[in-house]
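Before any comments, here is the structure.
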Amino acid sequence: MPDAPVLSRRELNRATLARQLLLERSAGGVGEAIERLAGLQAQDVPPPYIALWSRLAAFDAGELTALCMSGDVLRASLMRHTVHLLSAHDYSRLYGAIRPALVRSWRGHVAARLDGLDVDAVVGVAREFVAAQPRRWAEIGRHVAERWPDHDSAMLSYTVRTHLPMVRVPDGDGWAYSGGAPFTLPDPWPDDADRVAELVRRYLAAFGPASPADATVWSGRSGLRAVFEELRGELVTFRDEAGRELFDLPDAPRPPADVPAPPRLLPIYDNLVLSHRDRTRVVPEEYKARIQIRVGQLLSPFLVDGFVAGVWTRDRKTGRIEVDAFGRLGREVRAALRAEADALEEFLRGR
């Protein structure tokens, strides 16, 4: 490690942006991009569309909707127990590697409060209920609460959410999903195999170079240091400016620090700003608090020269996008940022 090359913050920034399709818009398709990005945050409906619009040269929203309607792309909880859009292939293969993180979180927050309740019985009742027909979350919660009225209904719901794989049913038109889209069981059922080494490789391909702690922040999976050590022989190593060891895939892109990074508007909760323990490769330390409404709740950021430089908002009535820069921007940068905002307005108009 002492002899490992040092990567500057700008070099880490450019490496991550290259993998996130943010140095230049990709000519690839929607399905290819979702797999390359290892999924898209999707707590709300529009953000995945905005994320792909910012990354693809000719993004067709209808292509994403069609992939969701066909079941090739799924909306489900996975990494960090948050909602993502993932390819059906990735959901099936990676669920088993993420599941231990979900169960560990459940044990820490819920298990002791269920007072020895038969978890398998709760999950079995919920599975049978959802298998009969798609159900909305409130329906599922009420159903299990009726069976176990002496237990905390929120804890019962958390138990179902943790132990029962479920995906949203696409029910939208312009968007693939409505805000309250119902749940169903995945078909095929996700594989239980713990492909944690594959999970690490996929993380590095989308967000590297990175540390085991970074991968844990993204996935929620603890104990990844041992996995990185097992993979050390097939990886390359670097150090950041603080001396931390970083791992990477040998052939992954690592552009020079001076490669141009054009302005980009990102949706709320974009994984670019959530997937490293040290987020300063993308979010300057002085701006960290300014992209948060409150702890855990973010605003929609925009990038200038590859780094978060402000936030943007869209007027719900007029559709007008306004940008709020955290610092002074040059005339050319402001013009390029306005052009991005105008183009995004046009994309979102009427949806």
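Quick note: the coordinates plus some simple rules give every number you see, no bench work behind them. Computed from a prediction, not measured in an experiment: that's the story for all the values here. In this analysis, Cβ positions are derived from the backbone assuming ideal geometry, glycine residues included, and neighbour counts consider all displayed protein chains.
Could you grab the relative contact order for segment 42-94? Cα pairs under 8 Å, six or more apart, rounded to a whole percent.
Working: 42 pairs, mean separation 16.9, N = 53.
So the answer I get is 32 percent.
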Within the set 126, 51, 289, GNM on the chain using Cα springs under 10 Å gives the largest fluctuation to 289
Of 57, 181, 154, the most mobile residue in a GNM of the chain (C-alpha springs, cutoff 10 Å) is 154
So the pair-distance distribution of segment 244-337, from every Cα-Cα distance in 10 Å bins, comes to percents of 14, 44, 31, 10, 1
GNM of the chain, Cα pairs under 10 angstrom: of 180, 330, 141, the biggest fluctuation goes to 330
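Which loop-located chymotrypsin sites (Phe, Trp or Tyr not before Pro) does segment 197-300 contain, where loop means any DSSP state but H, G, I, E or B and the Cβ has at most 13 other Cβ atoms within 10 Å? Spell out each step's value before the answer.
Details: sites: 203, 207, 218, 228, 238, 247, 269, 287; in loops: 269.
Qualifying residues, ordered by number: none.
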By the Cα gyration tensor axes a ≥ b ≥ c (a/c under 1.5 gives rounded; else a/b larger than b/c gives prolate, otherwise oblate), the shape of segment 35-151 is prolate
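Express in nm, to one decimal, how much length is gained between residue 129 and residue 189 on full extension, taking 0.36 nm for each residue of separation and deducting their alpha carbon distance.
Details: separation 60, 0.36 × 60 = 21.60 nm, distance 1.63 nm.
Here the segment from residue 129 to residue 189 would lengthen by 20.0 nm.
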Lys and Arg at +1, Asp and Glu at -1: neighbours of residue 141 with Cβ under 12 Å from its Cβ sum to +2
Once residue 58 and residue 222 are pulled to full extension, the length gained, defined as 0.36 nm per residue separation minus their Cα-Cα distance, is 55.2 nm
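What does the charge count near residue 207 come to, summing +1 for each Lys or Arg and -1 for each Asp or Glu among other residues with Cβ under 9 Å from its Cβ?
Working: positive: 19; negative: 214.
Net charge in that neighbourhood comes out at 0.
Would you mind classifying the chain by shape? Square roots of the alpha carbon gyration tensor eigenvalues, ordered a ≥ b ≥ c; an a/c under 1.5 is rounded, otherwise it is prolate if a/b is larger than b/c and oblate if not. It would help to have the intermediate numbers written out before the result.
Details: a/c = 1.87, a/b = 1.30, b/c = 1.44.
It is oblate, given that a/c is not under 1.5 and a/b is not larger than b/c.
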Length gained, residue 8-residue 142, 0.36 nm per residue minus C-alpha separation, equals 43.0 nm
Only helices counted: for the chain, with every DSSP H run of 4 or more residues adding -39500 (n - 2.57) and the sum spread over all residues, [θ] at 222 nm is -12000 deg cm²/dmol
Once normalised by the length of the chain, the mean sequence separation of its alpha carbon contacts under 8 Å that are 6 or more apart gives a contact order in percent of 21 percent
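Give the calculated FRET efficiency between residue 66 and residue 343 to the nearest 0.05, with a Förster radius of 25 Å applied to their Cβ-Cβ distance.
Details: r = 23 Å, r/R0 = 0.90.
Computed FRET efficiency for residue 66 and residue 343: 0.65.
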Scalar couplings 3J(HN,Hα) for segment 89-106 by Karplus 6.51 cos²θ - 1.76 cosθ + 1.60 (θ = phi - 60°), nearest whole Hz, x for Gly and Pro, are 4, 5, 4, 5, 7, 9, 4, x, 7, 8, 3, x, 5, 5, 5, 4, 5, 4
Among the Cα-Cα pairs of segment 68-131, the proportion with separation greater than 17 Å, in percent, is 56 percent
Using alpha-carbon positions, the gyration tensor of segment 1-46 gives root eigenvalues a ≥ b ≥ c; with a/c under 1.5 called rounded, otherwise prolate if a/b exceeds b/c, else oblate, the class is prolate
